[in-house]
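Peer 1: First, the structure itself, so that you have it in front of you.
The values are calculated or read from the model by the stated rules, or taken from the named source; none is laboratory data. None of these values were measured; they are calculated from a predicted model. Neighbour counts are summed over all protein chains in view; Cβ atoms, including those assigned to glycine, are modelled from backbone coordinates with ideal geometry.
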Amino acid sequence: MSEIAVIGAGAWGTGIAIVLGRRGTHRVRLWAHELDVCRSITERCVNEAFLPGRQIPDSVTATNDLADALCGAHIVVSVMPSQHCRGLFEKMRPLIPAQAQIVSATKGLEEGSLMRMTEVIAQVLGRENAFGIGALSGPSFAQEVARGDPTAITIASSDAYLLRTVQQEFSDPSFRVYTNSDVAGVELGGALKNIVAIAAGICDGLGLGHNSVAALITRGLAEMTRLVVACGGRAETMAGLAGLGDLVLTCTGGLSRNRSVGVELGRGRKLPEILAGMHGMVAEGVFTTTAAIGLAHTRGVEMPITEQMHAILHKGKSPREAIHELMTRSGKSEA
């Protein structure tokens, strides 16, 4: 029986714990920062704060103690917000078993360093070439995963053994896991799509129609692909689950937190007010936008949608003005 630690009991972390727990062949320890989340899971087998209404299997136990969560773990699944990744792994470093495989399911970039999550983890743990570390990404709303809706995602790593292990241990009839060796592409796809999703929400909040959102998704995918390739990833990864698949879901699905932030921005609300009303939920795109701009500048990549989202989020630019500037840029070739 596999021992699996899931670090982070937000909606997605809880959803992953439910997938792993319902197989009946794993012992899953779910670490939560919040004591009330631990109590809710322990006493009622549900995470009322972040994933209400979804029963958590008995094979999943909640804890607020990192040492307890990580003791004897074969696989450690990292599902914390991106800006907490480094700090938590520094605390966990002496507690993680030496042979444990690390799976990052966080879709974001670290501000300041501009690093992807597997890069942050590898640096903190001192693992050369990110050995034993992978990135899990793809179109996956936690509510639907927990409900058992058919879902397909991808695990990316340069470690073939990790790919086989995660595919075998995470897959079930409702959760299909594909493998991919393009870690940069998979991670950047999962992070950058959140920025485009905020833009898609803004279109909705402004009352714009399907034409606008279709154009945004298409051109958003184009600039995501430019940056992925410039960072050593593969263009074809952006046509897969961690690229187009996750982008379409996050830009069109009503459960998307990033899209919801954009909707409220389009309606005229201010970002601090919107974030204050999210009750602990995180919209990664808000933080990723700054890092993506920095990464694009270091690689010499033009990302007009991302630049306009950064201006709206962090400089108070009017959403209508941003869209007008995107539509009136000088003529380009689509190729």
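Peer 1: Hand me the list of helices (runs of 4 or more DSSP H) wholly inside the range 210-300 holding 2 or more residues that are in contact with a strand residue (DSSP E or B) (Cβ under 9 Å, 6 or more places away or on another chain). Before the answer, list the steps.
Peer 2: Values: elements: 210-230, 246-252, 257-266, 271-276, 284-299.
Here the list reads 284-299.
Peer 1: Taking the range 240-271, which residues are over 18 Å from Gly205 (Cα atoms) and of a type in the set (Val, Ile, Thr)?
Peer 2: Residues satisfying the conditions do not exist here.
Peer 1: A further question on this structure: Looking at the range 3-28 only, could you name the residues that are closer than 13 Å to Ser171 by Cβ and not in a loop (DSSP other than H, G, I, E, B)? Give the steps one after another, and end with the answer.
Peer 2: We begin by selecting, within the range 3-28, every residue closer than 13 Å to Ser171 by Cβ; these are 16, 19-20, 22-23, 25-26.
Selection gives Ile16, Val19, Leu20, Arg22, His26.
Per-residue answers, yes or no, for (1) under 21 Å from the mean Cα position of the chain (by Cα); (2) assigned by TED's automatic domain parsing to the domain that holds Leu136; (3) surrounded by fewer than 20 Cβ atoms within 10 Å (Cβ to Cβ); (4) modelled with pLDDT of 95 or more:
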{"residue": "Thr14", "(1), (2), (3), (4)": "yes, yes, no, yes"}
{"residue": "Val19", "(1), (2), (3), (4)": "yes, yes, no, yes"}
{"residue": "Gly24", "(1), (2), (3), (4)": "no, yes, yes, no"}
{"residue": "Ile41", "(1), (2), (3), (4)": "no, yes, no, yes"}
{"residue": "Thr63", "(1), (2), (3), (4)": "no, yes, yes, yes"}
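Peer 1: What number of residues in the range 292-313 are surrounded by fewer than 20 Cβ atoms within 10 Å (Cβ to Cβ), aliphatic (A, V, I, L, M) and more than 21 Å from the chain's Cα centre (by Cα)?
Peer 2: The total comes to 2.
Peer 1: Looking for something within 16 Å of Ala156 (Cβ to Cβ) and assigned to a helix (DSSP H, G or I) - is there at least one such residue anywhere in the range 54-66? Give the derivation first.
Peer 2: First pass over the range 54-66, keeping only residues within 16 Å of Ala156 (Cβ to Cβ): none.
No; the residues of the range 54-66 include none that is within 16 Å of Ala156 (Cβ to Cβ) and assigned to a helix (DSSP H, G or I).
Peer 1: From Leu275, Leu247, grab the single residue that is under 18 Å from the mean Cα position of the chain (by Cα) and at pLDDT 95 or above.
Peer 2: Numbers: Leu275 fails: at pLDDT 95 or above.
It is Leu247.
Peer 1: Ala200: under 30 Å from Pro304 (Cα atoms), among the hydrophobic types (A, V, I, L, M, F, W, C) and assigned by TED's automatic domain parsing to the domain that holds Ser260, yes or no? Talk me through it step by step, then tell me what you get.
Peer 2: Values: under 30 Å from Pro304 (Cα atoms): yes; among the hydrophobic types (A, V, I, L, M, F, W, C): yes; assigned by TED's automatic domain parsing to the domain that holds Ser260: yes.
Here the answer is yes, as Ala200 does meet what is asked.
Peer 1: Consider only pairs whose beta carbons are under 9 Å apart and that are at least six residues apart or on different chains; among these, list those whose first residue lies in the range 315-335 and is at positive phi and whose second residue is of a type in the set (A, V, I, L, M, F, W, C) and loosely packed, with under 12 Cβ neighbours inside 10 Å.
Peer 2: none
Peer 1: Collect the residues in the range 165-197 that are outside the structural domain of Met115 (by TED's automatic domain parsing) and basic (Lys, Arg), keeping them in residue-number order.
Peer 2: Lys193 - this is the single residue of the range 165-197 that is outside the structural domain of Met115 (by TED's automatic domain parsing) and basic (Lys, Arg).
Peer 1: Separate question: Would you confirm whether or not the range 42-65 contains a residue that is of a type outside the set (Val, Ile, Thr), under 27 Å from Ala160 (Cβ atoms) and without any contact (Cβ under 8 Å) to a residue 60 or more places away in the chain? Walk me through it before giving the result.
Peer 2: At the first step, the residues of the range 42-65 found to be of a type outside the set (Val, Ile, Thr) are 43-45, 47-55, 57-59, 62, 64-65.
Cutting the leftovers down to under 27 Å from Ala160 (Cβ atoms) gives us none.
No; the residues of the range 42-65 include none that is of a type outside the set (Val, Ile, Thr), under 27 Å from Ala160 (Cβ atoms) and without any contact (Cβ under 8 Å) to a residue 60 or more places away in the chain.
Peer 1: Then there's this: With respect to Ile323, determine if the residue is in contact with a helix residue (DSSP H, G or I) (Cβ under 8 Å, 6 or more places away or on another chain), modelled with pLDDT under 95 and surrounded by 12 or more Cβ atoms within 10 Å (Cβ to Cβ).
Peer 2: Details: in contact with a helix residue (DSSP H, G or I) (Cβ under 8 Å, 6 or more places away or on another chain): yes; modelled with pLDDT under 95: yes; surrounded by 12 or more Cβ atoms within 10 Å (Cβ to Cβ): yes.
Yes; evaluated as a whole, the condition is true for this residue.
Peer 1: Another question, if that's okay. Looking at (1) in contact with a Leu (Cβ under 9 Å, 6 or more places away or on another chain); (2) within 19 Å of Leu244 (Cα to Cα), which one does Phe131 not meet, given that it meets all the others?
Peer 2: (2)
Peer 1: With the requirement that a residue be in contact with a helix residue (DSSP H, G or I) (Cβ under 9 Å, 6 or more places away or on another chain), closer than 26 Å to Glu48 by Cβ and touching a residue at least 40 places away in the same chain (Cβ under 8 Å), what does the range 260-286 give you?
Peer 2: Those that are in contact with a helix residue (DSSP H, G or I) (Cβ under 9 Å, 6 or more places away or on another chain), closer than 26 Å to Glu48 by Cβ and touching a residue at least 40 places away in the same chain (Cβ under 8 Å): Ser260, Val261, Val263, Glu264, Met281, Val282, Ala283, Glu284, Gly285, Val286.
Peer 1: Of the residues Gly316, Gly331, Gly253, Gly245, only one is closer than 17 Å to Thr218 by Cα and loosely packed, with under 12 Cβ neighbours inside 10 Å; which? Spell out the reasoning first.
Peer 2: Values: Gly316 fails: closer than 17 Å to Thr218 by Cα; Gly253 fails: loosely packed, with under 12 Cβ neighbours inside 10 Å; Gly245 fails: loosely packed, with under 12 Cβ neighbours inside 10 Å.
Of the residues listed, the single one that is closer than 17 Å to Thr218 by Cα and loosely packed, with under 12 Cβ neighbours inside 10 Å is Gly331.
Peer 1: Same structure, new question: When you scan the range 66-81, do you find a residue that is surrounded by fewer than 20 Cβ atoms within 10 Å (Cβ to Cβ) and under 21 Å from the mean Cα position of the chain (by Cα), even just one?
Peer 2: Filtering the range 66-81 down to residues surrounded by fewer than 20 Cβ atoms within 10 Å (Cβ to Cβ) leaves 66-68, 71-72, 74, 81.
Subsequent filtering for residues that are under 21 Å from the mean Cα position of the chain (by Cα) retains 81.
Checking the range 66-81: at least one residue is surrounded by fewer than 20 Cβ atoms within 10 Å (Cβ to Cβ) and under 21 Å from the mean Cα position of the chain (by Cα).
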